[in-house]
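Undergrad: If you scroll down you'll find the structure; I have some questions about it.
The values are calculated or read from the model by the stated rules, or taken from the named source; none is laboratory data. Note that this is a predicted model, so its numbers are computed, not measured. No Cβ is skipped: glycine too gets one built from the backbone with ideal geometry, and neighbour counts run over all protein chains shown.
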There are 2 protein chains.
Amino acid sequence: MINLPQDQKPWLPWMRRAIQLALLAEGRTSPNPLVGAIILDSSGRLVGEGFHTEAGKAHAEIEALAQAGDRSVDGTIVVTLEPCCHQGLTPPCTEALIKAGLKRVVVGMVDPDPRVSGDGISRLKDSGLEVIEGVLRQECEWINREFSFRVRHGRPWGILKWAMSLDGRIGLSNGCSKWITNASARDSVHKIRSKCDAVIVGGGTVRSDDPLLTSRGKSNFEPLRVVFSRTLNLPKSAKLWNTTIAKTIIAYGPEGNEAFFSDLPDGPEKMLLNSNDPSELLTLLGKKGCNKILWECGPLLATSAIKANCVQELVVFVAPKLLGGSSSMSPLNSFGFESINSTYKLQHSFLDRKGEDLCWRLFF
Amino acid sequence: MINLPQDQKPWLPWMRRAIQLALLAEGRTSPNPLVGAIILDSSGRLVGEGFHTEAGKAHAEIEALAQAGDRSVDGTIVVTLEPCCHQGLTPPCTEALIKAGLKRVVVGMVDPDPRVSGDGISRLKDSGLEVIEGVLRQECEWINREFSFRVRHGRPWGILKWAMSLDGRIGLSNGCSKWITNASARDSVHKIRSKCDAVIVGGGTVRSDDPLLTSRGKSNFEPLRVVFSRTLNLPKSAKLWNTTIAKTIIAYGPEGNEAFFSDLPDGPEKMLLNSNDPSELLTLLGKKGCNKILWECGPLLATSAIKANCVQELVVFVAPKLLGGSSSMSPLNSFGFESINSTYKLQHSFLDRKGEDLCWRLFF
């Protein structure tokens, strides 16, 4: 805060409020970013608030303008992301701001979308509006890290989750894993799902756990459920084949035995891949508009996802239990590391207690 | 605090001070307990403080009496543990208190030692002193949990420590484990050692790590270093065979090949056991005066120690690294559990960050 430009200081509290507004739609705006906006009239009074609620619906700026009405004239809009200048599902926001007679636009971060990427700000400046950039830029970039990652890399931000005992076991050697963590930890998994666009499991998880993979009502927007199966050796009956609650995609590589589909009920979507590379799957999910996906898979797929740079964040639940076991049910398979210096080192993000369990979030 | 007897309230701050004094000698008094004492004169002014510094040296009460001198007359002593009434390495404290002319004794907890166990309090009452019992009893019992455990069970309180990666690995499949945790975490292991009476490893740890097992100068009282080897298949040269810094015991069961000793330098003590049961070893260490020991062993011995109820506390360091590996280097071997309900459930005690690592302490 010490070296903050003088012209940014008055806008900090308003940008914080705009960020709060943006976050209200977490998990519901993909493929779009989270955006919040507030409008102050010419005397500096708050006259409008808005946030982007869902792809295809009005942008944050338009929501705020609608509230403010005539009071926007000579006013200021504070918005977390650079206003768009292109015709998407909705018209460009820059034109609406100019038309509303605003004299100043305060922007958190530049939109990484190549269709905008500074052009929105240029358009506003060229029209004579004052533009103040980079107010709480880091915070604004933080809330849209998944959107920005997808725009830059062409695939969604990946979160890998596992739940283990104190001795690093995700199950007993007989396969039993219900329940290692307590109800509070499992509840927070449902919350994480509710903020993701898709949840991915491998065929092994479908065979052994028959999971439902929904947010259990934590969101109206249930994540897309994706089964990533090399062989299509999948059970004929599974909760995931019923798509009345949420959509299911069955993604499979060239070795997949498509005869499996003949017995499958209608509902799940088939997605043939050219390879078993997790990054191919994620690129396709990115094209379908996923900004953030959750890996809830077993050790083999988790290891392959990490190797393919398809995991950016890790969420590990640790229960104060000892399961024991010498050879099976570890969170990950071998990476072939020969020294500790070559292993993956993660950055601490967040540590929390869920009842008696720990929840540790980290970044790659 | 709400239902605290009225007669205890005035003594709470003084008992807290006595507990602080007692803890100054943590790790140095075995086989004796930690004890602190303060003396107030007849007007309630603090005139003496003391704590038990080391087995064979003066008890806390005697230290405090020496400071108070004549000012003890008609005064009060506040002491964390019931004064002893038997001749041990030093004379009975009860007699010294009576002789000093004190009128009141405030006691935290009854001494579980069968040679005292209430008799000290009876002796004081019979001599006309007022005795107030149970002031901060839980806190006093807490600081002496290891002493009380040894007195009640005949073997020391066991702490098991391991350091693992986020994916539950204590090493790579090639055996490499240096260093999973950071310097701050390793430093706190040295501190834990400095408060234990013995550190126990198995033969495998000596063969693979050649550890030193000292407190690295954190205490003048280096813990006894114990190698627990079934076969005596141990290296001829090892840091532990040099006993100039700290003592070493080589404990071995009936299958031990004693020919190993012919090449061993002088220094380490030999301890033949009737079995490979960890509780036999701990009973012998209890007889040698150990109140608290630290297991720093590999998975096989750790599992066997847990099964034999020789672990009361667990200290797990978790580093934010991913090592991977499907079959080896887990903290524990199999317990043969068939369901999650039958696994060990531990009680949270303390969670701390050591640099980027976590340190989680729990009780069985």
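Undergrad: If you take the residues of segment A:28-44 that are of a type in the set (A, V, I, L, M, F, W, C) and in contact with an Asp or Glu (Cβ under 6 Å, 6 or more places away or on another chain), which of them is surrounded by the most Cβ atoms within 10 Å (Cβ to Cβ)?
TA: If we take residues in segment A:28-44 being of a type in the set (A, V, I, L, M, F, W, C) and in contact with an Asp or Glu (Cβ under 6 Å, 6 or more places away or on another chain), then A:ALA37 is surrounded by the most Cβ atoms within 10 Å (Cβ to Cβ).
Undergrad: Working carefully through the options B:ASP167, B:ASP113, B:ASP187, find the one that is away from every other protein chain (no Cβ under 14 Å) and over 30 Å from B:GLY69 (Cβ atoms).
TA: Only one candidate qualifies: B:ASP187.
Undergrad: Further question on the same structure: Which of (1) within 25 Å of A:PHE221 (Cβ to Cβ); (2) touching a helix residue (DSSP H, G or I) at 6+ places or on another chain (Cβ under 7 Å); (3) surrounded by fewer than 24 Cβ atoms within 10 Å (Cβ to Cβ) is the odd one out, the single condition A:VAL47 does not satisfy?
TA: (1)
Undergrad: Checking the conditions here, which among A:TRP157, A:TRP162 is surrounded by 22 or more Cβ atoms within 10 Å (Cβ to Cβ) and more than 11 Å from chain B (Cβ to nearest Cβ)?
TA: On inspection, the qualifying residue turns out to be A:TRP157.
Undergrad: Could you please let me know if B:SER349 is more than 25 Å from B:HIS190 (Cβ to Cβ) and free of Cβ contacts under 8 Å to residues at least 60 places away in the same chain?
TA: Judged against the criteria, B:SER349 is not a match.
Undergrad: Given (1) assigned to a loop (DSSP other than H, G, I, E, B); (2) over 19 Å from A:LYS345 (Cβ atoms); (3) at pLDDT 95 or above, identify the lone condition not met by B:THR181.
TA: Against the list (1) assigned to a loop (DSSP other than H, G, I, E, B); (2) over 19 Å from A:LYS345 (Cβ atoms); (3) at pLDDT 95 or above, B:THR181 comes up short only on (2).
Undergrad: May I pose another question? Does B:ARG16 meet the test of being charged (D, E, K, R) and outside any loop (DSSP other than H, G, I, E, B)?
TA: The answer is yes for B:ARG16.
Undergrad: Here are B:ALA96, B:ALA55: which of them is aliphatic (A, V, I, L, M), surrounded by fewer than 23 Cβ atoms within 10 Å (Cβ to Cβ) and part of a loop (DSSP other than H, G, I, E, B)?
TA: B:ALA55
Undergrad: Can you say whether B:LEU272 is surrounded by fewer than 16 Cβ atoms within 10 Å (Cβ to Cβ) and at pLDDT 95 or above, as far as the supplied structure shows?
TA: yes
Undergrad: Residue under question is B:GLN8, and the condition is that it be of a type outside the set (A, V, I, L, M, F, W, C) and closer than 25 Å to B:PHE221 by Cβ; does it hold?
TA: The answer is no for B:GLN8.
Undergrad: Okay, moving on. For the structure I just gave you, tell me whether B:SER173 is part of a loop (DSSP other than H, G, I, E, B), polar (S, T, N, Q), more than 30 Å from B:LYS288 (Cβ to Cβ) and modelled with pLDDT under 95.
TA: yes
Undergrad: Which one of these does B:THR343 not meet: (1) at the interface with chain A (Cβ under 7 Å from one of its Cβ atoms); (2) over 14 Å from A:ASP167 (Cα atoms); (3) polar (S, T, N, Q); (4) touching a strand residue (DSSP E or B) at 6+ places or on another chain (Cβ under 6 Å)?
TA: (2) is the only condition that B:THR343 fails.
Undergrad: Checking B:LEU21 against (1) modelled with pLDDT of 95 or more; (2) in contact with a Gly (Cβ under 6 Å, 6 or more places away or on another chain); (3) crowded, with 19+ Cβ neighbours inside 10 Å; (4) under 20 Å from B:LEU124 (Cβ atoms): exactly one of these is not met. Which one?
TA: (4)
Per-residue answers, yes or no, for (1) surrounded by fewer than 19 Cβ atoms within 10 Å (Cβ to Cβ); (2) assigned to a loop (DSSP other than H, G, I, E, B); (3) within 9 Å of another protein chain (Cβ to nearest Cβ):
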| residue | (1), (2), (3) |
| --- | --- |
| A:LEU281 | no, no, no |
| A:LEU285 | no, no, no |
| A:GLY289 | yes, yes, no |
| A:LEU294 | no, no, no |
| A:SER326 | yes, yes, yes |
| A:PRO331 | no, yes, yes |
| A:ASP352 | yes, no, no |
| A:TRP360 | no, no, yes |
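Undergrad: Being more than 14 Å from every other protein chain (Cβ to nearest Cβ), farther than 30 Å from A:CYS297 by Cα and touching a strand residue (DSSP E or B) at 6+ places or on another chain (Cβ under 6 Å) is true for just one of A:LEU89, A:LEU129. Which residue is that?
TA: Result of the check over A:LEU89, A:LEU129: A:LEU129.
Undergrad: Yes or no: segment B:243-266 includes at least one residue that is within 14 Å of another protein chain (Cβ to nearest Cβ), farther than 22 Å from B:ALA163 by Cα, more than 24 Å from the chain's Cα centre (by Cα) and of a type in the set (D, E, K, R).
TA: No: zero hits.
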